[in-house]
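All remarks here apply to the structure that follows.
Values quoted throughout were computed directly from the atomic coordinates according to the rules given, and no laboratory measurement underlies them. Model, not experiment: these values are computed from the prediction. For neighbour counting, all protein chains shown are included, and Cβ atoms are generated from backbone atoms with ideal geometry for every residue, glycine included.
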Protein chains: 2
Amino acid sequence: MTSSDADSPDLYSIADLAREFGISTRAIRFYESKGLIAPERLGATRVFRRRDRARLILILRGKRLGFSLRDISDYLALYDADRGQQVNLLAEKVDERLKLLEQQLADLQTTIAELQEIRKLARTRVSSAS
Amino acid sequence: MTSSDADSPDLYSIADLAREFGISTRAIRFYESKGLIAPERLGATRVFRRRDRARLILILRGKRLGFSLRDISDYLALYDADRGQQVNLLAEKVDERLKLLEQQLADLQTTIAELQEIRKLARTRVSSAS
DNA sequence: CAGTTGTTTGACGCTAACGTAAAGCCGTGA
DNA sequence: TCACGGCTTTACGTTAGCGTCAAACAACTG
């Protein structure tokens with residue numbers, strides 16, 4: 001159901017992914033050097049698969065959320081941990097991270113509300129001009 | 001209603017604010033050097049008021065959301081712009097920023113949902129052990 | 001065969017956001 | 001008076017996250 005959908009290519013060059021996600025190849029290599037991804041090799045050349053691509057998506061989302069690569073690395077580990085590990089410890093870590101994210105969610109909602117307020121004020125002022 | 005509540009001190013030293021918010025005085029001076037705050041001076045000594053303190057709160061919230069000081073600076077400007085400015089331009093900028101924030105909100109909700117899913121899996125596995 | 005395109009590994013450069021002395025001024029209490 | 005804590009500026013150091021060559025190899029193309 002997952003391992004044989006046989007539709008998307010499942011083989012990507014570093015340039016493929018760089019193009020697709022609008023980042024540099026340098027960035028991708030940097031992520032690898034930090035252990036965030038671990039593509040296979042064909043000789044010396046990196047070969048990326050769906051799994052690597054999926055991880056890249058998570059990395060970029062993490063970046064949009066303002067996380068450091070270190071944080072993102074921990075975050076990715078939570079996914080990997082699914083494949084058998086210290087499960088109790090995993091649950092703790094997940095809860096930790098969820099707390100942070102919910103704080104962030106609260107901050108975000110406050111900020112959005114304040115900006116909408118500002119916009120409202122701006123509009124009422126402008127309603128008398130052209 | 002706002003200008004004479006006469007309760008909170010309204011006069012803070014740099015160390016006061018550093019303590020209150022758990023940041024370094026160096027950081028506060030750095031924010032000033034970047035124009036994010038502009039405390040008055042008594043001789044050479046910085047004197048902070050409620051307004052400065054309020055700005056600091058916004059700055060720290062921005063940081064929790066992963067924004068750069070540059071971004072936060074722009075963001076603060078939206079508040080200042082309330083005091084008469086190019087109002088149309090203001091509305092545009094606010095809308096721009098709102099878009100980003102809403103993207104971020106979506107990312108965040110996705111991430112939270114995924115983590116909750118992982119936690120659920122962890123719990124069902126652990127339900128058979130001690 | 002030469003040239004182009006895509007890949008690799010260094011290695012140095014750069015910006016952001018402070019940390020960390022260093023050295024001096026200023027007011028207060030013993 | 002003098003030591004002390006708190007404030008100041010100046011300046012160099014540090015980490016993260018890449019950008020930007022440089023030099024070299026590998027495959028394809030004309």
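Within straight-line reach of residue B:99, meaning a Cα separation under 16 Å, sit the following aspartates and glutamates at least 8 residues removed in sequence or on another chain: A:107, A:114, A:117, B:71, B:74, B:107.
Peptide B:53-66 has a mean of 3 when you count, residue by residue, the C-beta atoms of other protein chains within 10 Å of its C-beta.
Mean partner shielding of peptide A:108-119, defined as the number of other chain Cβ atoms within 10 Å of each residue Cβ, is 6. If the segment from residue B:105 to residue B:16 were pulled out straight at 0.36 nm per residue, it would be longer than the present Cα-Cα gap by 28.7 nm.
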